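J.: This is the structure I have questions about; it appears just below.
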Amino acid sequence: MSIPLLQMYRVGRYVIERRLRGDERYPLVLMLEPLFQCNLACAGCGKIDYPKEVLQQRIRVTVNCTLFNNADPDEVAAFFDTAMQQGIEGVTVSPGYSYSHAPRQDVFLGRTASKQLFREIFRRARGTRRRWSFNHSALYLDFLAGNQAYQCTPWSNPTYNIFGWQRPCYLLTDEGYAGSYRALMEETDWERYGVGRNPRCDNCMAHCGYEGTAVADSVAHPLKALTAALRGPRLTGPMAQDLPVLYEERPALASVAIPLTALKRPGENRARAAELQ
């Protein structure tokens, strides 16, 4: 298969521009080697022959941590301790989102349970020598602890994959794709998404949508962000009230098949109907 025409055009234009500028030497391809470690010992490659201290050297290492309803605060705190001891630069953490295509749906946390879990985790570090580095703003961590009533900003972390620009975020996979970034931004009905706006978003507290909100809040209220950074998340007292539900609170009941034999027992039918209500 030959090089795609678009790639040929872009490379050709780049070379012509460089020559017109009189550049004698210019790069054409970037060879990026973020690390030398390899699990292969190829006959024609000498990278594996470097000493151990070179092979195990790392440019940057971060951890993406997702917590589910079986998470134990003590175990999570111990994991953060281990990550810091190993020299991890930072941890990205958020509660698991109830991903519709996940093979199991009984592992996800509800919104209130997520806030309570993070308060318990952060409490393990309060008053101790533990120092955990997170790849998050202080106000996002405060949001995880239930102290900020944020709305999702799904366009702050757009996703592009083999199908195009995913609407509205990488977690909702059934909302279609946009053919271009401009179409994603201008043609997506953003008001349809977010807590209280869409039932599929109600339990989501993922950083892909809420970190952007926290950053915008930090810029708008720097003293508030500084206070959260210095004091850490508030771990006691009432939590911020969730945003109001704007969609219909009581969706229509799905039809239920009733065996024909049950039609002879109207009393039981009324009891069954009451349970469905």
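The values are calculated or read from the model by the stated rules, or taken from the named source; none is laboratory data. No experiment lies behind these values; they were computed from the predicted model shown. Note that each Cβ is placed from the backbone with ideal geometry, even for glycine, and that neighbours are counted across all protein chains shown.
J.: Check Gln151 against each of (1) of a type outside the set (Gly, Ala, Ser); (2) closer than 25 Å to Leu243 by Cα; (3) in a helix (DSSP H, G or I); (4) more than 14 Å from the chain's Cα centre (by Cα) and name the one condition it does not meet.
T.: Result: Gln151 fails condition (3) only.
J.: When you go through (1) touching a residue at least 60 places away in the same chain (Cβ under 8 Å); (2) loosely packed, with under 15 Cβ neighbours inside 10 Å one by one for Gln85, which number turns out not to apply?
T.: (1)
J.: Given the conditions (1) touching a helix residue (DSSP H, G or I) at 6+ places or on another chain (Cβ under 9 Å); (2) touching a residue at least 40 places away in the same chain (Cβ under 8 Å); (3) not in a loop (DSSP other than H, G, I, E, B), and given that Cys65 satisfies all but one, which numbered condition is not satisfied?
T.: Result: Cys65 passes all but (2).
J.: To continue, here is another question. Go through segment 8-55 and count every residue that is under 32 Å from the mean Cα position of the chain (by Cα) and either surrounded by 10 or more Cβ atoms within 10 Å (Cβ to Cβ) or of a type in the set (Asp, Glu) (or both).
T.: 6
J.: Residue by residue through segment 94-105, note down the ones that are within 23 Å of Ala138 (Cβ to Cβ) and either in contact with an Asp or Glu (Cβ under 7 Å, 6 or more places away or on another chain) or free of Cβ contacts under 8 Å to residues at least 60 places away in the same chain (or both).
T.: Once the filter is applied, which keeps residues that are within 23 Å of Ala138 (Cβ to Cβ) and either in contact with an Asp or Glu (Cβ under 7 Å, 6 or more places away or on another chain) or free of Cβ contacts under 8 Å to residues at least 60 places away in the same chain (or both), segment 94-105 yields only Gly96.
J.: Going by the structure shown, is Asp81 assigned to a helix (DSSP H, G or I) and among the charged types (D, E, K, R)?
T.: yes
J.: Quickly run through segment 174-200 and pick out the residues that are free of Cβ contacts under 8 Å to residues at least 40 places away in the same chain, in a helix (DSSP H, G or I) and not acidic (Asp, Glu).
T.: Tyr181, Arg182, Ala183, Leu184, Met185, Trp190, Arg192
Results for (1) within 22 Å of the chain's Cα centre (by Cα); (2) farther than 27 Å from Tyr193 by Cα, shown as yes or no for each residue.
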site	(1), (2)
Gln57	no, yes
Asn69	yes, no
Glu89	yes, yes
Ser94	yes, no
Ser98	yes, no
Gln105	yes, no
Arg124	no, yes
Ala138	yes, no
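J.: Taking Leu109 as the residue in question, decide whether it is in contact (Cβ under 8 Å) with a residue 60 or more places away in the chain, in a helix (DSSP H, G or I) and in contact with a Phe, Trp or Tyr (Cβ under 7 Å, 6 or more places away or on another chain).
T.: no
J.: Run Arg119 past the list (1) in a loop (DSSP other than H, G, I, E, B); (2) buried (at least 16 other Cβ atoms within 10 Å of the Cβ); (3) more than 17 Å from the chain's Cα centre (by Cα) and report the number of the one that doesn't hold.
T.: (1)
J.: Being of a type outside the set (Val, Ile, Thr) and not in a loop (DSSP other than H, G, I, E, B) is the filter here, so list the residues in segment 16-56 that pass it.
T.: Of everything in segment 16-56, those that are of a type outside the set (Val, Ile, Thr) and not in a loop (DSSP other than H, G, I, E, B) turn out to be Glu17, Arg18, Arg19, Leu20, Lys47, Asp49, Lys52, Glu53, Leu55.
J.: Ok, one more. Given (1) modelled with pLDDT of 95 or more; (2) surrounded by fewer than 17 Cβ atoms within 10 Å (Cβ to Cβ), identify the lone condition not met by Ser100.
T.: (1)
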